[in-house]
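K.L.:
Sharing a structure below in structure tokens format, with a few things to ask.
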Amino acid sequence: MAAGLRAVRRWGLAVAAAPPRLAFTRSASVVKKANNDQPNWLGVGMAFGTSAALWGFLIKEHAEDEIEYERRKRERRHKSEGCS
């Protein structure tokens with residue numbers, strides 16, 4: 001029985017049974033209510049810009065992959081015709 005409890009503690013599975021350690025400590029940060037009248041335009045721009053850049057990269061890579069696929073398909077067809 002004791003070995004089983006030691007294994008449970010070792011793997012961190014007894015988290016629910018642990019006493020709360022931070023129950024009476026102060027928080028280092030202060031949470032403010034979100035102001036929806038003034039959106040964070042820098043954050044919005046960065047989010048959309050990142051999304052657009054990732055989509056552009058994805059489309060470019062896909063086009064290159066299709067070109068490579070067609071090139072290899074032509075090579076395979078050419079090799080198979082030369083053998084017969």
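K.L.:
Could you work out the local net charge near residue 67, counting Lys and Arg as +1, Asp and Glu as -1, over the other residues with Cβ closer than 12 Å to its Cβ?
P.N.:
For residues surrounding residue 67, the net value is -1.
K.L.:
While we're here: So if each residue of separation counts as 0.36 nm, and I subtract the Cα-Cα distance between residue 72 and residue 6, what length gain in nm does that give?
P.N.:
Using 0.36 nm per residue and subtracting the Cα-Cα distance, I get 18.0 nm.
Read-outs: derived from the displayed coordinates by stated rules, not from any lab. Note that this is a predicted model, so its numbers are computed, not measured. Cβ: placed from backbone, ideal geometry, glycine included. Neighbour counts: every protein chain shown.
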